[in-house]
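**Student:** Got a structure for you, questions after.
Here, each number is a calculation from the coordinates, and none is a lab measurement. Keep in mind that this is a model prediction, so the values were computed, not measured. Note: ideal-geometry Cβ built from the backbone for every residue, glycine included; neighbour counts use all protein chains shown.
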Amino acid sequence: MEWGAITKCIVEWYQQNKRILPWREEKNPYLVWVSEIMLQQTKIEAVKEYYARFIAELPTIADLAKVEEEKLLKLWEGLGYYNRARNLKKTAMQIETEYGGAIPTTWEQLKKLPGIGEYTAGAVASICFGEKVPAVDGNVLRVMARLTGSKKNILLTDTKKQVTALLTKIMPEEAGDFNEGLMELGETVCIPNGSPYCEICPLKTFCIAKAKGETMELPVREKNLCRKKEERTVFLLTKQGKIAIQKRKETGLLSGMYEFPNVLGKLEEKEINQLLETWKLKGKTIVRKGEKKHIFSHVEWHMFVYQIEVIKENTSFLWVDEEMLEKQYAMPTAFQKVRK
Ligand code: SF4
C-alpha cells in the first residue's frame, strides 16, 4: 500500500475538515484526557454536554484530585463505567503528588497511570505532545480493516497489536493530526452502522474494501461473549412524594452508586408482601409497572418493576424527593430507566 500518500491524505483531510470541539480548542492534556475517557463509551455529540458540565465544575487537575466521590459520580451519571470516573480522580491525585500537578508528557509515563490504557496514552501523547505513537480505538480498527481489506477479527488482541505495529511504522510527523484524522474518519465517514460514505472519503482511491465491494462485510467482529441473564424485581417504594433509595456496596458492579431497592429473581405478589414485612413496611397499593432491560458488558438485567405506596417509611432506606434524587444522588442508567 502507498502508506506515504495515505498518511498525507489523512492529515490534510483532518486539517481541512475537523469538527470544532471544546476539547480541541487548545491542546490542554487535562481536557484531552477527560474527553478521551468520556468518548470511550459514547459518541461525540452525546459527550459534549457531560464534558461541559464536568469541566465547568472541575476545571483543573487539582479540582479533580480533591472532588468528593458523590459529586464525581453525579457528574458522571449516565455515562456508565463509573470506575473510569474513580480512576480519573485517582490519577489526578497521583499527578498532583508525583508530577507536581502536570500531566506526564510521554506515552511510557502516561501508560503507568491508573485508568490510562494504551489508547488514551497514545491520544494524549500524540495530540498534546506530538509523540509519534498510535491511538487505536474501534473507529481506527474499522477504518484500517476496510482500507487494507483485512478479514481479521478486530475484537482480538492480536489484531489490535498488528494494527498498532503497522501504524507505528507509518506514523507521520503530524502524529496528533494523523491519529485524530483516523478517529474522525471513523466517526463521520467510514461509519460503523450502515454504508460508509466512500464517495467523500479521502482514502477512496486506496481502499481495498471499496474496490472489492466489501465495505458492509468489514470489519469482522466475532464476539465470543456469553452474557449472563439475571432477573430482578425492582421496587419504587413511595410515601407522600418521597421515594426509597439505597447505596450499593462499595465493591462490584455499580459500586457506591444509588439504586431503588431490588432483589434477585422475579417475585410473585405473595413473595413481595413477605419481603415488605422483612423491610418492616406495609404496602397500601401495589402496582405492576412493567419490565425493563439493561445490558452491561457481561450481564443482562431483566427488571420487573413494582410501584408500592407504603403506609409508613422505615429507616433501612433513604427517603428522598424528586429534586434530591435529581441533584444529589448518582443513579446508574439501569435504574434511571426504571424511574422513567
Ligand atoms: S473508502 Fe469507504 S470503506 Fe474505504 S475507508 Fe473510506 S469510507 Fe471507509
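**Student:** Provide the three semi-axes, in whole Å and in decreasing order, of the ellipsoid equivalent to segment 228-339 as defined by the square roots of 5 times the Cα gyration tensor eigenvalues.
**Tutor:** Values for segment 228-339, descending: 21, 18, 12 Å.
**Student:** Let me ask something else. What do you get for Rg/Rh over segment 150-308 if you use C-alpha atoms and the Kirkwood form of Rh?
**Tutor:** So for segment 150-308, dividing Rg by the Kirkwood Rh gives 1.21.
**Student:** While we're here: Give me the number: length gained by fully extending TRP279 to GLN328, i.e. 0.36 nm times residue separation minus the C-alpha to C-alpha distance, one decimal in nm.
**Tutor:** 15.2 nm
**Student:** Could you work out the mean projected area of the convex hull around the alpha carbons of segment 1-119, in square nanometres to one decimal?
**Tutor:** Value for segment 1-119: 8.6 nm².
**Student:** Rounded to the nearest 0.05, what FRET efficiency do GLU271 and GLN336 have when you use their Cβ-Cβ distance and R0 = 22 Å?
**Tutor:** Working from the Cβ atoms, E equals 0.30.
**Student:** Rounded to the nearest Å, what's the spacing between the alpha carbon centres of segment 119-170 and segment 248-293? Just the number, please.
**Tutor:** 44
**Student:** Here's a follow-up. Along Cα→Cβ, 7 Å out, is where each label goes; now give me the distance between the ones at GLN41 and ARG221 in nm to one decimal.
**Tutor:** In this crude spin-label approximation the distance works out to 1.7 nm.
**Student:** A follow-up question, please. In units of 2.2 N^0.38 Å, what is the alpha-carbon radius of gyration of segment 264-304?
**Tutor:** Normalised Rg, Cα atoms only: 1.42.
**Student:** Follow-up. Quick check: residue separation of SER316 and TRP3 times 0.36 nm, minus the Cα distance between them. What number comes out in nm?
**Tutor:** Stretched out fully, the SER316 to TRP3 stretch lengthens by 106.3 nm.
**Student:** Next question. Pull out the extension gain between ASN28 and LEU253, defined as 0.36 nm times the separation in residues minus the alpha carbon to alpha carbon distance; nm, one decimal.
**Tutor:** Extra length from ASN28 to LEU253 when fully extended: 77.8 nm.
**Student:** To test your reading of the geometry: what angle, between 0 and 90 degrees and rounded to tens, separates the Cα axis of helix 157-170 from the longest principal axis of the chain?
**Tutor:** Approximately 40 degrees, to the nearest ten.
**Student:** Hey, what does the equivalent ellipsoid look like for the chain, semi-axes from the Cα gyration tensor as sqrt of 5 times each eigenvalue, largest first, whole Å?
**Tutor:** 44, 25, 16
**Student:** Given H placed on each backbone N at 1.01 Å, which residues far from PHE296 in sequence or on other chains put an amide H within less than 5 Å of it?
**Tutor:** TRP301
**Student:** Determine the calculated [θ] at 222 nm for the chain from helices alone, applying -39500 (n - 2.57) to every DSSP H run no shorter than 4 residues and normalising by the residue count; nearest 500 deg cm²/dmol.
**Tutor:** Dividing the helical sum by the residues of the chain leaves -13500 deg cm²/dmol.
**Student:** From the phi angles alone, apply the Karplus equation (6.51, -1.76, 1.60; θ = phi - 60°) to segment 136-142 and give each ³J(HN,Hα) in whole Hz, x where the residue is Gly or Pro.
**Tutor:** 9, 10, x, 4, 5, 4, 5
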